[in-house]
Structure formats: C-alpha cells, structure tokens
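Below is one structure, written out as structure tokens, with a few remarks after it.
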Amino acid sequence: MGPLNYRQRLFVEHYLGESSGSAIDAARRAGYRCPQTHGPRLLTTRGVRAAIDARVETAAIPANEVLARIADVATSDLLNFIEVDNNGGWKVDLKLVKRLGLGHLIKRLRKNKDGTSEIELEARVPALVKLGDHYNLWKGEAQSQLTLVEVAKGLKEQYDQLQSEERDNKTAEPLSGPTGAVQ
C-alpha cells in the first residue's frame, strides 16, 4: 500500500471536514468526475480507510482525559502561574503553565498597547456544572447536611433517655450530667 495521491488526500480532508462523513460530497469536493461512484469506492480502499481511521483515532480524546481537563478548569487558580515583583507588578509564568501541561486553562492571553498584559482563564462555574452533571449531583433530592447543632441535640436526647431509663430501673448508678453547655 503506497502513499495516497493528492486527490485521495483531499477526499480524506473533505470527508472528515466540511462533508461531515458524506463520501459522495467529499468526492465531489476533491474533484472526482463521478462522485456517486468514486466516493463509496474510496471508502473501501485500504489506504484511504487507514488514513481516515488514523485521523479519527488521533482526534478522539478518551473520556477520562475529558473529565481530567474539566476538573483542571474547575480547580484552576490564576495565582499559581503569576510571579509578583517587589513593586507590585506581576507576570504570568507561561513556562510553568507549559511544563505542567495546563495550557488548556488559558482562554485569552493578550499584550495591550500600553505594555500591560491580560490573562483570562476558562470559566470555572461551567466546568463545575459539567462535573456535577457527570457525577449526578443535581439529580433527585439534595442530600441533607447534618450540622453540629443537630448532632449535639441528638446526643442530649440520647443522654436524657439513658438517664431516664437508669432512674426507672434503679439497678445502676445514675449517669453523670454533661460537662459543658450543648450548643
């Protein structure tokens, strides 16, 4: 199997691009005379099929990597990449961003005419919402949160009940009272 010719490479580009998976449209855009015949035939050609499969495989991102990137955005902090000098000026350490592989956190990086820099990270709230959706945090009823006050009240009730049972039984020594105020 030799390398693809120019027209076959065009077919692959159009098939994966603006033709949206239509072999006939990709063949027409690549300049084939009979796209109705050539398009479907090209999909069965081993070299063309291998080129399409290789491009699709390298373009796909595994689900766990997508979640990891969304989690990076949700937990990102711009202060991790800023160096502040003694005068209160600051600069973004892009080498650190690159070294950590966190370039996907940056939405916009711009140098203004006055010499100042602007950096904007991807929005955190949409990333948090996407993670919440993935982990079904918004489905069904919200889980109740137990406060320390409620725990203390429950312990006080249990204490009172035990003391009451002890008085009724009179077989054991009475329990000592609580040592401090319950809040």
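The values are calculated or read from the model by the stated rules, or taken from the named source; none is laboratory data. Computed from a predicted structure; not experimentally measured. All Cβ positions, even for glycine, are placed from backbone atoms using ideal geometry, and neighbour counts span all protein chains on display. Quick note on the areas: whole protein, heavy atoms, side chains included, nothing else; ligands and nucleic acids left out. Shrake-Rupley method; radii C 1.70, N 1.55, O 1.52, S 1.80 Å.
Just for segment 15-39: of the residues that are crowded, with 19+ Cβ neighbours inside 10 Å and under 30 Å from the mean Cα position of the chain (by Cα), which one is modelled with the highest pLDDT? So the residue we want is Y15. Cβ separations smaller than 6 Å between residues 6+ apart or across chains give the following pairs from segment 15-26 residues that are more than 15 Å from V56 (Cα to Cα) to residues that are open to solvent by 30 Å² or more (accessible area, probe 1.4 Å) and assigned to a helix (DSSP H, G or I): A23/P40; A23/L43; I24/Q36; A26/H14; A26/Y15. Test W138 against the criterion of being surrounded by 10 or more Cβ atoms within 10 Å (Cβ to Cβ) and at pLDDT below 85, and give yes or no. Against the criterion (surrounded by 10 or more Cβ atoms within 10 Å (Cβ to Cβ) and at pLDDT below 85), W138 does not qualify.
Exactly one residue out of D160, D114, D168 is open to solvent by 90 Å² or more (accessible area, probe 1.4 Å), modelled with pLDDT of 85 or more and not small (G, A, S): that is D114.
Filtering L96, L105 for residues that are in contact with a strand residue (DSSP E or B) (Cβ under 8 Å, 6 or more places away or on another chain), open to solvent by less than 40 Å² (accessible area, probe 1.4 Å) and more than 30 Å from E13 (Cβ to Cβ) leaves a single hit, L105. Within segment 141-153, being open to solvent by 100 Å² or more (accessible area, probe 1.4 Å) and modelled with pLDDT under 80 holds for E141, Q143, S144, Q145, L146, L148.
Residues in segment 118-128 that are at pLDDT below 85 and either over 29 Å from D93 (Cβ atoms) or open to solvent by 70 Å² or more (accessible area, probe 1.4 Å) (or both): E118 alone.
Residues in segment 45-73 that are of a type outside the set (S, T, N, Q), open to solvent by less than 70 Å² (accessible area, probe 1.4 Å) and modelled with pLDDT of 85 or more: G47, V48, A50, A51, I52, A54, A68, I70, A71, D72, V73.
Each residue in segment 80-90 was checked for being over 20 Å from the mean Cα position of the chain (by Cα), open to solvent by 50 Å² or more (accessible area, probe 1.4 Å) and under 14 Å from I106 (Cβ atoms), and 0 of them qualify.
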